[in-house]
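Here's the structure, in structure tokens; my notes come after.
Computed from the coordinates by the stated procedures, all read-outs in this text should not be read as laboratory data. No experiment lies behind these values; they were computed from the predicted model shown. FYI the Cβ positions are ideal-geometry reconstructions off the backbone, even for glycines, and counts take in every protein chain you see.
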Amino acid sequence: LSCQTDQLVVTRHSIFFHHIRFGYAWKGPGSKQCVIDTVEFIPILTDSLCSLTCIDINRGLLALGNVISALCERDAKKRSHIPYRDSRLTRLLQDSLGGNSTTLMLACVSPADINMEETLNTLRYADRARLIKNKPILNRADPKDAELAKLRVLSEKLLLCAELDHIVEQMNELYKNRFDTDHLHDTVISELQKIESILNSLNQFVRDKFNEYPELISYIQELEDILTGLIKLYNESNKVTKLQEHNRRLQCEMSRMVSVHERQQAVLKRRIEAAAAAESRLKELLLRQKAIRNERDECVSEGNNAKK
């Protein structure tokens, strides 16, 4: 029975730590900010189990109540000492009660008349916890992460520059193909003029030499060959049109990439400026801290000399 009671007590009195880490975009020196939160759940034992373990737990809860009462005090003198070391429970919950945190207590009460006394005690306990007023601040990540983010942005910039150079090379190749296309177009026009001249000659020949059938057949054969060449040139002209359309699409894509690169350049510049400003503020704070430390050491040394 004792073992079962101890197991029940341990089950009803435990502490759960939940570490929550999340990031969000921030227009500052780094590409992201990281915030780390810790949530602690402490089920409080309020029923009376006949065991020595219950006495120890209630002693810890009494120490916890004293800590909560001390944290609720508005008088600075009474709040100067918080008895965190009176129990293991209060030592574990020191940061969650009076540190960089927000303290909440969930009170589970019963509406039954038989539990009226325990309900009132629980509500008084929770009301004292409600009066704890802390000033929590965000737990930000190490400043080294900002430097790593800055280096990552510079790496992305180099990759974008390399991609832009590749696009410029492709554009030069397209301009060269366009020059070849214009030359092919001139060739097609010249061939068409030749065909027109041949057709005129053929018409004249048909009119003058209509009775000379063999020569007419040879001219017809030549005309068929010319028409075959014309069909080939026409197909080449269609290819030229497709190449021009492809060139236009590539120009649009390059314009889009250039605009994206310019926007990223502007964002990178703003981030670099913000990083430089943050670095200067950090150096200023370090110098101020060093000056305060030197002043404190001087005061300590003067106090020691005065004691001697």
Protection proxy ranking, peptides 261-271, 80-90, 293-303, average beta carbon neighbours within 10 Å, highest first: 80-90, 261-271, 293-303
Which of the peptides 145-152, 235-242 is most tightly packed, and how do the rest follow, judged by the mean count of other Cβ atoms within 10 Å per residue? 145-152, 235-242
Please go through the residue pairs Lys242/Lys269; Lys157/Lys290; Lys135/Lys290; Lys176/Lys232 and name each one whose alpha carbons sit more than 32 Å apart in this structure. Lys242/Lys269; Lys157/Lys290
What order do you get for 279-291, 157-169, 123-135 when each peptide is scored by the mean count of other beta carbon atoms within 10 Å, highest first? 123-135, 157-169, 279-291
